[in-house]
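Just below is one structure, and these are the notes that go with it.
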Amino acid sequence: MSEDSTKTTHFGFTDIPEGEKAGKVQGVFSSVASKYDVMNDAMSFGIHRIWKDAMMDWLAPRPGQKLLDVAGGTGDISFRFLKRAGRGHATVLDLTEPMLVEGRKRAEAESMADSLDWVVGDAMALPFADNTFDVYTISFGIRNVTRPQEALNEAFRVLRPGGRLMVLEFSQIPNELMQKVYDLYSFNIIPKMGQVIANDSASYQYLVESIRQFPDQETFLSMVRKAGFDNAKYRNLSMGIACLHSGWKI
């Protein structure tokens with residue numbers, strides 16, 4: 001019996017064998033790929049754009065840097081990075097090829113084609129050599145990884161000394177009342193939006209549940225440090241609905 005068949009992990013609120021999670025996550029994002037960007041705007045009332053801009057503000061891309069954007073989907077972070085850097089290169093890596101296909105259709109992808117690569121790959125087993133990239137980002141993706149600690153370890157491996165990790169993810173609101181209000185919205189409205197806009201409520205039910213299963217800010221910070229990153233810090237966004245974690249490979 002394989003190790004994956006005996007270990008379990010969560011898929012939303014359901015426990016499943018570890019070996020099944022990647023396939024289920026691929027199924028979710030393959031299903032919603034064509035409506036993913038529209039749903040992001042609808043679910044967050046466009047605020048995800050402000051969060052991503054805040055990510056770039058803290059990251060402060062510099063000309064000539066090489067970015068690896070893991071779970072990069074349709075390219076949002078890579079496009080922002082290249083615009084801020086002025087010149088550089090971005091590799092968009094995602095487990096789900098239909099997400100990358102949608103990204104390549106965007107106007108920014110065509111205008112930045114010489115500075116972009118699109119790669120199908122697994123965050124826990126990156127197909128790159130050690131010390132390759134200046135910056136590693138993962139935006140709203142690490143909670144979908146079967147073993148997030150392994151993804152962080154891989155981030156450390158592929159970054160050059162002096163390289164920067166930046167993780168943008170949904171998190172926990174420190175205020176209990178505000179968290180309850182947010183939960184009411186998430187569980188009652190978002191799956192219905194998914195049904196109307198993407199004809200898929202089940203995938204968005206999973207996405208909402210996966211947020212609740214993700215570690216809180218301090219716990220995730222300890223995971224970043226365990227991977228080897230120094231000067232690790234976090235900043236809450238929108239009262240903790242989302243959070244940025246940063247670390248350096250020294």
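The values are calculated or read from the model by the stated rules, or taken from the named source; none is laboratory data. Note that the structure is predicted; figures quoted are calculated from it, not measured. Counting neighbours? That spans all protein chains shown, and the Cβs are built from the backbone with ideal geometry, glycine included.
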message = Among the residues in segment 70-92, are any among the acidic types (D, E), closer than 29 Å to Q195 by Cβ and not in a helix (DSSP H, G or I)?
response = no
ask   = Does segment 171-181 hold any residues that are surrounded by fewer than 23 Cβ atoms within 10 Å (Cβ to Cβ) and touching a helix residue (DSSP H, G or I) at 6+ places or on another chain (Cβ under 9 Å), and which are they?
value = Q172, I173, P174, N175, M178, Q179
query = Which of the residues that make up segment 202-244 are at pLDDT below 95, part of a helix (DSSP H, G or I), of a type in the set (A, V, I, L, M, F, W, C) and more than 15 Å from V25 (Cα to Cα)?
reply = M239
note = In the set D53, D41, the lone residue that is under 15 Å from the mean Cα position of the chain (by Cα), surrounded by fewer than 20 Cβ atoms within 10 Å (Cβ to Cβ) and over 20 Å from F11 (Cβ atoms) is D53
task = Mind listing just one residue for me: the one in segment 76-92 that is closer than 18 Å to L126 by Cα and within 18 Å of the chain's Cα centre (by Cα) and, of those, surrounded by the most Cβ atoms within 10 Å (Cβ to Cβ)?
result = S78
task = State which residue is surrounded by the fewest Cβ atoms within 10 Å (Cβ to Cβ) when the search covers only segment 125-149 and only residues that are charged (D, E, K, R) and not in a helix (DSSP H, G or I).
result = D130
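The rows are residues; the columns are (1) free of Cβ contacts under 8 Å to residues at least 40 places away in the same chain; (2) of a type in the set (F, W, Y); (3) buried (at least 19 other Cβ atoms within 10 Å of the Cβ).
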position	(1), (2), (3)
I190	no, no, yes
I197	no, no, no
Q213	no, no, no
L221	yes, no, yes
D230	yes, no, no
task = Those residues that are in contact (Cβ under 8 Å) with a residue 12 or more places away in the chain and either in contact with a His (Cβ under 7 Å, 6 or more places away or on another chain) or polar (S, T, N, Q) (or both), I need them from segment 84-134; list them, please.
result = T91, T96, S115, N131, T132
inquiry  = Checking the condition assigned to a helix (DSSP H, G or I) and either crowded, with 16+ Cβ neighbours inside 10 Å or touching a helix residue (DSSP H, G or I) at 6+ places or on another chain (Cβ under 6 Å) (or both), which residue from L165, L152 passes?
reply    = L152
inquiry  = Here is a check on your reading of the model: is M55 part of a helix (DSSP H, G or I) and either modelled with pLDDT under 90 or within 27 Å of P161 (Cβ to Cβ) (or both)?
reply    = yes
message = Step by step: first the residues of segment 28-38, then only those that are over 14 Å from the mean Cα position of the chain (by Cα) and of a type in the set (S, T, Y), then the one that is nearest to G163 (Cα to Cα). Which residue is that?
response = S30
